[in-house]
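There's a structure below that I have some questions on.
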Amino acid sequence: MIKFFRRSRQKTLLENKFSKYLLYAVGEIVLVVIGILIALQINNRSEFKKEREQELILLGNLANEIDLDIRQIDNNVELTNQRLDRLYSIIDLLENPKGINESSFISKSFEFVFDNYFKSNSGIFDEAVSSGKMSYIQNGQLRQDIFDYYRNANESGNDGTTRQMTDELITPIFVETLFMNPDGFLTLGLDIQNIASLKSLDFGALKENKDFWKMVLLKFGSNKEQILRWQLIKERANSVKQKIEKELSILID
């Protein structure tokens with residue numbers, strides 16, 4: 001009988017120890033889980049802070065890059081207008097053909113075959129897209145606006161029409177009407193006067209040459225249209241830049 005009670009007491013003690021051990025083990029597990037959650041939260045906050053810092057840097061760099069596009073457009077517009085003014089002053093000489101210096105006229109007319117072209121400064125954007133850094137920009141609408149700007153700015157059609165017109169239409173007419181004469185070759189250092197039987201440039205006939213005036217029309221028309229396309233890109237650039245700067249001010253505050 002005594003042995004029975006002794007065994008019962010020992011069993012109870014063992015059960016109590018097991019319960020305490022189980023409670024202790026559960027407590028340890030809970031503490032470990034809490035520790036892991038706290039560590040994850042701290043890590044998430046750290047990652048979030050790093051991404052916000054990267055977002056600030058990226059947006060600042062994109063704003064600077066787009067500003068370079070705006071400056072390039074302003075410079076292109078100025079240079080193109082200056083070139084058209086010079087070409088117009090050359091054309092204006094035809095009002096008094098007898099006073100024209102042939103070699104000088106032909107040399108200055110070379111500007112018919114020159115143009116300015118716009119190429120977006122998209123290095124920062126391209127790198128951000130390829131590396132996935134565009135995802136740092138939390139403002140979804142702003143991110144889409146940036147994508148839309150660069151897609152429109154990089155369209156080949158922006159300057160492709162002007163380039164094609166100069167290469168395929170203006171240049172052949174320029175060679176035929178202004179260059180196929182002894183003075184034209186002389187501008188390149190080639191004296192063919194005693195070799196080829198080419199006639200000297202007749203400015204009176206040039207005034208009546210429809211191909212020449214077609215070239216003038218194409219040149220001025222294509223460059224004026226080009227300037228209008230640049231202005232549209234500039235408007236988009238200014239709009240996106242302002243949105244980026246607004247987002248930067250919100251993030252900094």
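The values are calculated or read from the model by the stated rules, or taken from the named source; none is laboratory data. A quick note: this is a predicted structure, and the numbers were derived from the prediction, not measured. Note that we place each Cβ from the backbone using ideal geometry, even for glycine, and neighbour counts take in every protein chain shown. All accessible areas refer to the heavy atoms of the entire protein, side chains included, with ligands and DNA or RNA removed. Shrake-Rupley method; radii C 1.70, N 1.55, O 1.52, S 1.80 Å.
Counting other Cβ atoms within 10 Å, which trypsin sites (Lys or Arg not before Pro) in the stretch 176-253 have at most 15 and lie in a DSSP loop?
Values: sites: Lys199, Lys207, Lys210, Lys214, Lys219, Lys224, Arg229, Lys234, Arg236, Lys241, Lys243, Lys246; in loops: Lys199.
Those satisfying the criteria are Lys199.
Another question, then. Using the Kirkwood radius built from alpha carbon pairs, what does the Stokes-Einstein equation give as D for the stretch 122-209 at 37 °C and 0.692 mPa s, in µm² per second?
Numbers: Rh = 17.8 Å.
Calculated translational D: 185 µm²/s.
Rounded to the nearest percent, how much of the accessible area of the stretch 56-140 (1.4 Å probe, protein heavy atoms only) is carbon and sulfur? List each step's numbers first, then the result.
Values: 2190 of 4390 Å².
Percent of accessible area from carbon and sulfur atoms in the stretch 56-140: 50.
Moving on to the next point. Given a 1.4 Å probe and heavy atoms of the protein chains only, how would you sort Glu247, Glu95, Glu53, Glu235, largest accessible area at the top?
Details: Glu247 25, Glu95 145, Glu53 90, Glu235 120 Å².
These residues rank, largest area first, as Glu95, Glu235, Glu53, Glu247.
Could you work out Rg/(2.2 N^0.38 Å) for the stretch 68-136, with Rg from alpha carbons only?
For the stretch 68-136, the normalised Cα radius of gyration comes out at 1.85.
Treating cross-link reach as a plain straight distance, find the aspartates and glutamates whose alpha-carbon is under 12 Å from the alpha-carbon of Lys207, omitting any fewer than eight places away in the same chain.
Candidates past the 8-residue exclusion: Asp92, Glu95.
To the nearest 20 Debye, how big is the dipole of the stretch 109-253 about its Cα centre, given +1 on the beta carbon of each Lys and Arg and -1 on that of each Asp and Glu? Present the calculation step by step, with values, prior to reporting the outcome.
Values: 17 positive and 21 negative charges, 83 e Å.
Value, rounded to 20: 400 debye.
With label points built 7 Å along Cα→Cβ from the Cα atoms of Asp92 and Asp145, find their separation and express it in nm.
Computed distance between label sites Asp92 and Asp145 equals 4.3 nm.
So which of Lys50/Lys119; Lys199/Lys219; Lys50/Lys133 end up more than 22 Å apart, counting from Cα to Cα?
Numbers: Lys50/Lys119 32 Å; Lys199/Lys219 26 Å; Lys50/Lys133 12 Å.
Over 22 Å Cα-Cα: Lys50/Lys119; Lys199/Lys219.
Relative to the Cα centre, what is the charge dipole magnitude of the stretch 144-200, using +1 at the beta carbon of each Lys and Arg, -1 at the beta carbon of each Asp and Glu, and rounding to the nearest 20 debye?
On the way: 3 positive and 9 negative charges, 46 e Å.
Here the size comes out at about 220 debye.
Before I look further, what does the stretch 101-253 give for accessible area per residue, probe 1.4 Å, in whole square angstrom? It would help to have the intermediate numbers written out before the result.
Numbers: 8710 Å² over 153 residues.
Per residue, the stretch 101-253 has an accessible area of 57 Å².
Given a 1.4 Å probe and every protein chain left where it sits, what share in percent of the accessible area of the stretch 176-228 is carbon and sulfur?
Details: 1850 of 3300 Å².
C and S atoms contribute 56 percent here.
So if I take the centroid of the Cα atoms in the stretch 126-156 and the same for the stretch 181-219, what is the distance between those two points in Å?
Answer, in whole Å: 50.
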